[in-house]
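Every number in this text was worked out from the coordinates using simple rules, so none of it is lab data. It should be emphasised that the depicted structure is a prediction, and the values quoted were computed from it without experimental measurement. A quick note on method: Cβ atoms are made from the backbone with ideal geometry, for glycine too, and the neighbour counts reach across all protein chains shown.
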Amino acid sequence: MKVLIVCSKTNGKVAPFIMEQVESLRAAGIELDYFFIEQKGIKGYLQSFFLLKQAIKTFEPEVIHAHYGLSGLLANLQRGVPVVTTYHGSDINDPRVKRYSNISIRLSHYNIFVSQRLADTIRHKKRYSIIPCGVDMSLFYPIERQVARESLGWTNEGKYIVFSGNPEDKVKNFELARQAVSLLPNTQLMPLVGFTREEVNLLLNAADVALMTSFAEGSPQFIKEAMACNCPIVSTDVGDVKSFIKDIEGCYAACYEQTNIANKLQAAIEFSHLGKRTESRKKIKQTGIDLHTIALRIKAIFQLTIIP
């Protein structure tokens, strides 16, 4: 089976979770190639159409797998190859992009939403599955906290909170995180900016808690990767986070209020400083959101798509 991946490559980078999913699909026996959209905005996507047609003619895919709604819209401008589109969150949660995702949903042979909340938000009812992006369990795994801290030059007595992303991304709501942490004495807030995937694994193992205060998400990889490392979590109720961390000791759902978040962070820090880690890695295995299991589910959709 030959599948062409259509996705953006803004500023020369492809989202790591897309690349990891592609490699897991390749390991599952699918022949894949990329078509990258490097222009920005709806006009930039549309300008890529003729290049996409050339890529289709050269590679001759049986299925196109587009990531995000705008890529899905572009992929569906040709009608010769069936399109499966995955929606990751911003393409549904952002009203400016949602209207284009609606068109993509209607045109695509099949749609994948990374969380049920996204499907509910857009009120889609036909030809779809809920499939979050999988976690690379070989890349994100538990390391003894002291060992991880020594690798990073952190002290054993320090209180460290890893924040879910770039403070400049307004959707991540860094200001609320900063306000909450300011209520806790001698606590450092570490935003995830400029680290390699291997370094992120170290950070999540060394940290007392992983913090997410986002206004909106799809199925955030940050939370699932923290779970794979058995890192305590505090998060607002976005995407599918609450369903994943429910009933896991050391993980807390919080509201959009700094004192509430500070209290949950304090509880997670105390849990961590007792030498405890969560057992959330087990839940990833139980719910089948590892890369390999997710790849098999997506492969089955591709196979159904090409059946006459």
Checklist line | Net charge contributed by nearby residues that have their C-beta within less than 12 Å of residue 160 (K/R +1, D/E -1) | finding: +1
Item checked: Packing-based exposure ordering (other Cβ within 10 Å, fewest first) of 190, 212 -> 190, 212
Checklist line | Residue-averaged 222 nm ellipticity for the chain, from DSSP H runs of 4+ at -39500 (n - 2.57), nearest 500 | finding: -13000 deg cm²/dmol
Checklist line | Exposure proxy order (Cβ contacts within 10 Å, fewest to most) of 123, 99 | finding: 123, 99
Check: Using modelled amide H (1.01 Å from N, peptide plane; none on Pro or chain starts), what sits under 5 Å from the amide H of residue 6, excluding residues fewer than 5 places away?
Finding: 35, 65, 66, 67
Item checked: Sparse-neighbourhood loop sites, chymotrypsin sites (Phe, Trp or Tyr not before Pro) in segment 145-198 - DSSP loop, at most 11 other Cβ within 10 angstrom -> none
Next item on the list: For the pairs 125/246; 40/126; 126/299; 9/170; 98/126, note any where the Cα-Cα span goes beyond 23 Å.
Entry: 125/246; 40/126
Notebook entry, point to check: Once phi is turned into θ = phi - 60°, what whole-Hz ³J(HN,Hα) does the Karplus curve with 6.51, -1.76 and 1.60 give for every residue of segment 277-293, x standing for Gly and Pro?
Noted result: 10, 6, 10, 6, 4, 4, 5, 4, 5, 5, 8, x, 10, 7, 4, 5, 5
